[in-house]
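Novice: Got a structure here, written out as structure tokens. Questions coming.
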Amino acid sequence: MKYGYYPGCSLERNAIAYHQSAMAVAGPMGIEFDELDDWNCCGATEYISIDLLPAYALISRNLALAAQQELEGNGNQLVAPCSACFLNLKKADHYMAESPELSENVNSALAAGNLHYEPGTVSVRHLLDIVVDDVGFNAIAEKVTNPLYNLRIAPYYGCMIVRPGNMKSFDDQEYPTSLDELMSTLGAEVVDFPLKAHCCGGHMTQISESVALELIRRLLKNASDYDADMIVTVCPMCQLNLDAYQDAVNKKFGTNYNIPILYFTQMIGLAFGISPDDLGFGKEIVDAGPALAKIGAEPSPKAKEKRPSKEALPMPSMGEDG
Amino acid sequence: MNKEKVGVYVCHCGTNIAGVVDVEDVATWAGEQDNVEIARDYKFMCSSLGQDLIEDDIKEKGLTRVVVAACSPHMHEKTFRGACERAGLNPFLFEMANIREHNSWATNDKVAATQKAKALVNAAVERVVFQVPLEKLPIEINPNTLIVGGGISGITAALELADAGNHVYLVEREPSIGGHMAQLDKTFPTLDCSACILTPKMVDAGQHPNITLLSYSEIEEVDGYLGNFTITVRKKARCVIEEDCTGCGICEEKCPIKVVDDVFEAGLGYRKVIYRPFPQAVPKYPVIDKENCTYFLRGKCKACQIFCPTEAIDFEQEDEILKFQVGNIILTTGFDLFDARRIPQYGYGRLANVFTSLEFERMVNAAGPTGGNIFMRDGVTEPQSVAIIHCVGSRDKNYNEYCSKVCCMYSLKFAHLVHERLPGADVYNFYIDMRTPGKGYEEFYHRLLEEGTHFIRGRAAEVTDAARLPGEEGKLIVQAEDTLIGKQRRIPVDMVLLSAGIEARGDSKEISQLFRMGCDFDGFFTERHPKLDPVATMTEGIYIAGACQGPKDIPDSVAQAAAAAARVAGLITQGTVMMEPVRASINEEACSGCRICNTMCPYNAIVFHEDRNVSEVITALCQGCGTCVAACPSGIITGAHFTNDQIVSEIEGILWDVRSEPELVPGD
Amino acid sequence: MADSGKPTLAMYWASSCGGCEISVLNIHDKILVVDEVFDIVFFPCIADFKTKDVKGYPDGYIDVCLFNGAIRNSENEEMAHLLRQKSKVLVAYGSCSYEGCIPALSNLTTKQATLDTVFLENPSIDNPDKILPQTSYKVPEGELDIPVFYHTVKSLDQVVDVDYYLPGCPPEPPQIWAVLEVIVSALLEGAPLPPKGSIVGARDVAVCEECPLEKHEKSITRFYRPHEITPDPGLCLLEQGIVCMGIATRAGCGALCPQVGIGCRGCYGPLGDVEDQGAKMLSAIASVIGVGDPSMEEDELEREIQAVVDTLPDPAGTFYRFSMAHSLLRRANVNGGNGKGEAK
Amino acid sequence: MNEQFEPVIVGFLCNWCSYRAADLAGTARIKYAPNMRTIRVMCSGRVDPQFVIKALREGADGVMIAGCHPGECHYVEGNIKTLRRFLLLKKMLKQLGVEDERIQLVWASASEGTILADAVDRMTEQVRELGPLNWQNTVLGGGNGQGQPAPIENSPVAEEV
């Protein structure tokens, strides 16, 4: 499977671990990435809120390039590992298709660089999407050599990959489960994580730290309430906030969370038996070492789900769709 | 064709038509057309004076055809046909031109409207000349009636008809009749006990000499037509010999296997593998649930058989196939509850103390799993606070856009029951709008306001156990925007009730195809007319009542059921009914037996006679759609009142102003 | 009536292939009876009469004129008028004169395109100077005229009044003889003739009536061209996806084609209650397309049905193979709609 | 002619859905192009392709067939037959030089007055864009004889025959 690849700025700096691990696991999963030539920043979350047109022009330049370079045999599928990049690219494509006027303006801007983008030509997809939907759980299960037994993982999707509601998304928009399934495929114990699709604060850390810290606290608290050993993310922004600001949260709220924040690709790598160094481990601020030490022991007999008392009323069956 | 005398009447409809169409011009113009004997314009043709005009002209001027240019035929075709009939002219020699809905109301362009009016009038004139007298078709009505679905609607309809001395076949899928109403505890707004008012009716239905009750049975086939349907029913094997069973219930006692009862107890309680859904079940005979029975799984046990005092258990019993004739059918197949799992952010199935409305109905029911106590999922703890979320799956583009009509009221009822059983417990109702249209409903709402229920106007965003603020620990938090104070609120509670909406039965599409009738996008059966005929369907002889036609509460269902029964009773007393003669017929002389038409008819009205190598239309089955007429490559199927001649001349007439007669063109 | 006292017979070919003449000879020894009964006064195929001879006849001199061939050019039309004028009974003989037949398929395109195909593009043509027929040109002997080639092929009754139609491409010998018998007995014993304008030598029921193949309810999930399938013997061809016009075509031929596995081409023309054979055939055959049911999504439904429709390459040419000139539309629109017409 | 061309469109509406939709459009006083002239049939399945062709032949510039949405047909699936015929008819009429826009199939339930009205407006515009069809004169070259392409010229004269 070949895809066009749009790393985005973060993956070159703070999220280098994400990039490394993604590249490391691509091969085993039968994925080939073909990086977009001359790509530019997607404008992150701010630009759109400052001035739409230039923001969309900035984003669409990448789409135009993707369309132009018809990234070799990938059916014009452009994969973005970063949720913000993903959402921006997807939005641009969606709203250009929706409004001919926007499309016209954006294209008049692109024309300056002899570029043009016809909405709909490139299909923008998130890395998680292609892993769970194109590669598939079965293929992944086959590759698992050291299952992540014993590891309690809180799967964190962040607020961007399955939204907004008016666009078709690859997972439930309120309560996604694909990452949960992926993690249990790797052998890990997945904890229920109600805030899985809530916001991590994004760039609020720069604008109004108190707001951001509260949002981060909620996530950390929720994860530790369910005694998760770690939070696994699909987004550099989320990883950065939860990891880098954990200390600040502890100071502000007098807590002492110590939850490592890792990328789902790193976990896949581990399960595939790839050496941690090739997966960018050690770059996280909250040391993942202790948690990872738990891996390997035989699966704890499902923490003994205490048998319901005689009086207890039956729980609703969740059927397949559960 | 010898000349006809057509009378043309152009209606002003006050200014509705005359305001845009130059009616005088149209009338004078029409007067000059071929075959037109007289053309008039008049203020209100539908008035008795207007109709008199027609009748007098028919009598005095000997009109042989009548055209009225006015409103839609759906409005007044009947009226004017009547006028013709009174004056001794066959009603099918009348034709209507719709120059109001399709013309004067649809444009302001007077010139264009007048031109179009002329086209429509001319079309009618040229068509009517080719129309022929038709006689309505008499159809014998078999006095028996089939009622599908033994809920409150079905039971009501059945009793109405049976008491009037007509035989009824009442078919129910489940082991007992009673439907959803049997699961309920109290009914709003009067709070009388559901069972107390329902069970007597169930017993009546079960014992009525005029009612053949076929429970644990399903319809396999429906053939035939109004007055004369042939029904095939599969009576599933109960593995209990009804003749011998006394309904003592020992088998149920002795059966060692317990399973969750997802149907009657809505998953909140257990039942045995040989069971009656509930003590007052009608009929009283239990059934064996083969999927879970140890005997059927492993060939062992037989406890029920061993202990049965009357040897009524028969593991070898097989499904029975019954065939019978009925004249009419009433569908009362009811509804399914919206599956709350589809809204994961409400946590049903994930968060133990989130319950659906039906679960709660069972919980508060004295005969239910908790003996009427309101307990949390652990089965012992009483909640100190309860949140009730309205519109779950209703009024929501992502699920069902419509309002389920009953949820506001039963949510209020729930609130009341919590107050009653758990004094001091806090109750929060999260609603979008409070919808209480009905006798005594608004008063009930006010009563609840006084009982101290907290009403929060806002759709709940999510139910979570992720505590954030002090006091939220170990609770379920309902987050919603309170639109009255314009603030986000987080209400920590012990228990959450989801007021799930009403949905059409999962298999309603198949059912509608089985009975050859329509159902809408949501799966509810389509009534013949949304306002003027909500109980009949587009298929003659098939009626609908209750929630299968759309969300409804008990009084509405009962009313509709009685109405449907009355309609059927009316037909039965008539004995024979007259049907529109718009039917297809095949000229067998000219039929080559190509069999193209054989698959055209959705009503299987076309039969092929191998011996004579011709196809024939069974008139009584034919509904007159004309699909076979259009398909016949020999052009020898005639669609009465919509013949090729009639439609072709209508086409020519409607194009009067752009038509140029094909002449022999010399040269190139 | 000829001086011999015998009734006079003429047969003329306009735009046709000559098959009709052969079909007359196909009545075998009966031809002798024809010769015995009739005085042949014009029959370019078998007897040497000239147009000027016909012009010389008094009006109505010809008792029966069998006119075959479509009206393709000015000469065909001229002869049609001449023979109408000279004949008591004018019979449109064969599919061409009755409804245009194969020549009229060129009504699906333009005169120019037809000429280009015939005189320039046809692979077997050697015409380096691109010479096309001229309506008139000068030669040493003087100016010569060639008939004007019409834009639209017409049926006989579109240029002159016709008494009877004898369908078929060509008509079947037994039918021909049956018709001649009627006419003969009318002429000799004064027996009544069928009402003017009637279709003779054919039946008022579709070919299926005469077709021995076994017929069932039909449901077609794809169409086959003859070379794409070997039909099951004894089974209705249409049911097997082979376009067989029998359902929409007059019987009289004895269903010869279907019996040898070739779908009926429709040469006997539409049935009495049908105005447009092609449209009717289309309606019937589309009605029994076996895909698409009400439960499907609207676009899925359309896709599925379209897929089946796509397996039928040339509906117009197929359904109007013989009746183009006599159909409701008569020809393709090649200049309407701002020249957006499809035909080229 | 500098005044704008007003196409004449014949509309075959089924008695149960689309005809009622047109009624509703009127009752709701929705204003739309007066160019469509309606003919009522019990079901769109009654629309014989001969009718469509007849209308075009007799001077209509376009034909609209309107029925119930698939699955909502009063006669269960008459409209499916209509769709099958329509798709094949469209293909054949294309060969006969009738543009797709001139024959349209519309689904409109009894409650979709606006949908029908919009469809009529849209189709009127599209057909106006295409210009008159006027089969008798333009195509068959009756009357004004526009039907004839220019006589063949500028091809070298034959020397001998």
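The values are calculated or read from the model by the stated rules, or taken from the named source; none is laboratory data. These figures come from a predicted structure and were not determined experimentally. For neighbour counting, all protein chains shown are included, and Cβ atoms are generated from backbone atoms with ideal geometry for every residue, glycine included.
Novice: Among C:F49, C:F43, which is under 30 Å from C:A104 (Cα atoms) and in contact with a Phe, Trp or Tyr (Cβ under 6 Å, 6 or more places away or on another chain)?
Specialist: Just a single option satisfies the conditions, and that option is C:F49.
Novice: On the basis of being among the hydrophobic types (A, V, I, L, M, F, W, C), within 11 Å of chain B (Cβ to nearest Cβ) and more than 30 Å from C:S198 (Cβ to Cβ), does C:V309 make the cut?
Specialist: no
Novice: Right, next: With respect to the numbered conditions (1) surrounded by fewer than 20 Cβ atoms within 10 Å (Cβ to Cβ); (2) within 14 Å of chain B (Cβ to nearest Cβ), which one is the sole condition not fulfilled by C:M245?
Specialist: Here C:M245 clears every test but (1).
Novice: Here's something else I'd like to know. Return the only residue of A:E32, A:E72, A:E46 being of a type in the set (D, E) and at pLDDT 90 or above.
Specialist: Only one candidate qualifies: A:E32.
Novice: Could I ask something else about it? Name the residues in the stretch D:71-109 that are buried (at least 24 other Cβ atoms within 10 Å of the Cβ), of a type outside the set (F, W, Y), assigned to a helix (DSSP H, G or I) and more than 7 Å from chain C (Cβ to nearest Cβ), would you?
Specialist: Result: D:G78, D:N79, D:T82, D:L93, D:R102.
Novice: Next question. From the set of residues in the stretch B:450-467 that are of a type in the set (A, V, I, L, M, F, W, C) and closer than 21 Å to B:T483 by Cα, which is farthest from the other protein chains (Cβ to nearest Cβ)? If you could, list the steps in order and put the result at the bottom.
Specialist: Quick first cut of the stretch B:450-467, residues of a type in the set (A, V, I, L, M, F, W, C) only: B:455-456, B:460-461, B:463, B:466-467.
Those still in the list that are closer than 21 Å to B:T483 by Cα too: B:455-456, B:460-461, B:463.
Values: B:F455: 25, B:I456: 20, B:A460: 12, B:A461: 9, B:V463: 9 Å.
The qualifying residue farthest from the other protein chains (Cβ to nearest Cβ) is B:F455.
Novice: Please verify whether the stretch C:274-281 includes one or more residues that are surrounded by 23 or more Cβ atoms within 10 Å (Cβ to Cβ), more than 10 Å from every other protein chain (Cβ to nearest Cβ) and in contact with a helix residue (DSSP H, G or I) (Cβ under 9 Å, 6 or more places away or on another chain).
Specialist: No, because not a single residue in the stretch C:274-281 is surrounded by 23 or more Cβ atoms within 10 Å (Cβ to Cβ), more than 10 Å from every other protein chain (Cβ to nearest Cβ) and in contact with a helix residue (DSSP H, G or I) (Cβ under 9 Å, 6 or more places away or on another chain).
Novice: While we're here: Residue by residue through the stretch C:32-57, note down the ones that are of a type in the set (A, V, I, L, M, F, W, C), under 21 Å from C:I183 (Cα atoms) and surrounded by 14 or more Cβ atoms within 10 Å (Cβ to Cβ).
Specialist: Selection gives C:V33, C:V34, C:V37, C:F38, C:I40, C:V41, C:F42, C:F43.
Novice: Here are some conditions: (1) under 18 Å from B:K236 (Cα atoms); (2) assigned to a loop (DSSP other than H, G, I, E, B); (3) not polar (S, T, N, Q). B:C301 meets all but one. Which one does it not meet?
Specialist: Tallying (1) under 18 Å from B:K236 (Cα atoms); (2) assigned to a loop (DSSP other than H, G, I, E, B); (3) not polar (S, T, N, Q), B:C301 fails exactly one: (1).
Novice: Residues in the stretch B:262-277: is at least one farther than 26 Å from B:F375 by Cα, part of a loop (DSSP other than H, G, I, E, B) and of a type outside the set (S, T, Y)?
Specialist: Let us first name the residues in the stretch B:262-277 that are farther than 26 Å from B:F375 by Cα, namely B:274.
In the following step, the residues that additionally are part of a loop (DSSP other than H, G, I, E, B) were identified as none.
Within the stretch B:262-277, none of the residues are farther than 26 Å from B:F375 by Cα, part of a loop (DSSP other than H, G, I, E, B) and of a type outside the set (S, T, Y).
Novice: Give me a count of the residues in the stretch B:567-604 that are of a type in the set (A, V, I, L, M, F, W, C) and out of contact with any Leu (no Cβ under 9 Å at 6 or more places or on another chain).
Specialist: 5
Novice: While we're looking at this one, here's another question. Within the stretch B:495-546, which residues are more than 12 Å from the chain's Cα centre (by Cα), among the hydrophobic types (A, V, I, L, M, F, W, C) and more than 12 Å from chain D (Cβ to nearest Cβ)?
Specialist: B:M495, B:V496, B:L497, B:L498, B:A500, B:I502, B:L532
Novice: Would it be correct to say that D:Q50 is more than 18 Å from D:Q126 (Cβ to Cβ), surrounded by fewer than 24 Cβ atoms within 10 Å (Cβ to Cβ), within 7 Å of another protein chain (Cβ to nearest Cβ) and not small (G, A, S)?
Specialist: So D:Q50 fails the test.
Novice: In this structure, does B:L571 turn out to be facing another protein chain (nearest Cβ under 7 Å) and either at pLDDT 95 or above or over 30 Å from B:E32 (Cβ atoms) (or both)?
Specialist: Values: facing another protein chain (nearest Cβ under 7 Å): no; either at pLDDT 95 or above or over 30 Å from B:E32 (Cβ atoms) (or both): yes.
When the stated conditions are applied, B:L571 does not pass them.
Novice: Is one or more of the residues making up the stretch B:40-58 within 11 Å of chain D (Cβ to nearest Cβ), in contact (Cβ under 8 Å) with a residue 12 or more places away in the chain, of a type outside the set (S, T, N, Q) and buried (at least 18 other Cβ atoms within 10 Å of the Cβ)? Don't jump to the end; show me each part of the working.
Specialist: Within the stretch B:40-58, the first condition is being within 11 Å of chain D (Cβ to nearest Cβ), and the residues that meet it are none.
Within the stretch B:40-58, none of the residues are within 11 Å of chain D (Cβ to nearest Cβ), in contact (Cβ under 8 Å) with a residue 12 or more places away in the chain, of a type outside the set (S, T, N, Q) and buried (at least 18 other Cβ atoms within 10 Å of the Cβ).
Here is a yes/no grid of residues against (1) of a type in the set (A, V, I, L, M); (2) more than 14 Å from chain A (Cβ to nearest Cβ):
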residue: B:C293; (1), (2): no, yes
residue: B:K302; (1), (2): no, yes
residue: B:D314; (1), (2): no, yes
residue: B:Q325; (1), (2): no, yes
residue: B:N328; (1), (2): no, yes
residue: B:I343; (1), (2): yes, no
residue: B:E382; (1), (2): no, no
residue: B:D396; (1), (2): no, no
residue: B:Y399; (1), (2): no, no
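Novice: Being without any contact (Cβ under 8 Å) to a residue 60 or more places away in the chain and within 14 Å of chain B (Cβ to nearest Cβ): is that true of A:S123 here?
Specialist: On the way: without any contact (Cβ under 8 Å) to a residue 60 or more places away in the chain: yes; within 14 Å of chain B (Cβ to nearest Cβ): no.
Criteria not met by A:S123.
Novice: Shifting gears a bit: Restricting attention to helices (runs of 4 or more DSSP H) lying wholly within the stretch C:212-321, give those where 3 or more residues are out of contact with any Leu (no Cβ under 7 Å at 6 or more places or on another chain).
Specialist: Because the criterion is at least 3 residues that are out of contact with any Leu (no Cβ under 7 Å at 6 or more places or on another chain), the helices (runs of 4 or more DSSP H) in the stretch C:212-321 that meet it are C:256-259, C:277-287, C:298-309.
Novice: Going through B:A97, B:A83 one at a time, which residue ends up being within 23 Å of D:T38 (Cβ to Cβ) and of a type in the set (G, A, S)? Full working, then the answer.
Specialist: Numbers: B:A83 fails: within 23 Å of D:T38 (Cβ to Cβ).
Exactly one of B:A97, B:A83 is within 23 Å of D:T38 (Cβ to Cβ) and of a type in the set (G, A, S), namely B:A97.
Novice: Oh, and also: Among the candidates B:A69, B:A97, B:A112, B:A123, single out the residue that is assigned to a helix (DSSP H, G or I) and buried (at least 21 other Cβ atoms within 10 Å of the Cβ).
Specialist: Details: B:A69 fails: assigned to a helix (DSSP H, G or I); B:A97 fails: assigned to a helix (DSSP H, G or I); B:A112 fails: buried (at least 21 other Cβ atoms within 10 Å of the Cβ).
One residue alone meets the criteria, B:A123.
Novice: Still on this structure: Which helices (runs of 4 or more DSSP H) does the stretch C:1-68 wholly contain that include 1 or more residues that are without any contact (Cβ under 8 Å) to a residue 40 or more places away in the chain and acidic (D, E)?
Specialist: Output list reads C:30-37, C:51-56.
Novice: Here's something else I'd like to know. So which of A:Y157, A:Y95 ends up being of a type in the set (S, T, Y) and at pLDDT 95 or above?
Specialist: Of the residues listed, the single one that is of a type in the set (S, T, Y) and at pLDDT 95 or above is A:Y157.
Novice: Given the options A:L115, A:L52, name the one that is of a type in the set (A, V, I, L, M, F, W, C) and surrounded by fewer than 17 Cβ atoms within 10 Å (Cβ to Cβ).
Specialist: Going through A:L115, A:L52 in turn, the sole match is A:L52.
Novice: Let me ask something else about it. Against the condition crowded, with 20+ Cβ neighbours inside 10 Å, more than 9 Å from chain A (Cβ to nearest Cβ), among the polar types (S, T, N, Q) and under 13 Å from B:F414 (Cα atoms), how does B:N365 come out, does it pass?
Specialist: yes
Novice: Among the residues of the stretch A:164-173, is there at least one that is out of contact with any Lys or Arg (no Cβ under 9 Å at 6 or more places or on another chain), crowded, with 22+ Cβ neighbours inside 10 Å and either outside any strand (DSSP E or B) or modelled with pLDDT of 90 or more (or both)?
Specialist: no
Novice: For the stretch C:210-235, give me each residue that is in contact with a helix residue (DSSP H, G or I) (Cβ under 9 Å, 6 or more places away or on another chain) and either among the polar types (S, T, N, Q) or facing chain B (nearest Cβ under 8 Å) (or both).
Specialist: Scanning the stretch C:210-235 gives C:K215, C:H216, C:E217, C:K218, C:S219, C:T221.
Novice: Considering C:L193, C:L180, which residue is assigned to a loop (DSSP other than H, G, I, E, B) and in contact with a helix residue (DSSP H, G or I) (Cβ under 7 Å, 6 or more places away or on another chain)?
Specialist: One residue alone meets the criteria, C:L193.
Novice: If B:A106 meets every condition in (1) in a helix (DSSP H, G or I); (2) crowded, with 23+ Cβ neighbours inside 10 Å apart from one, which number is that one?
Specialist: In the conditions (1) in a helix (DSSP H, G or I); (2) crowded, with 23+ Cβ neighbours inside 10 Å, B:A106 misses (1) alone.
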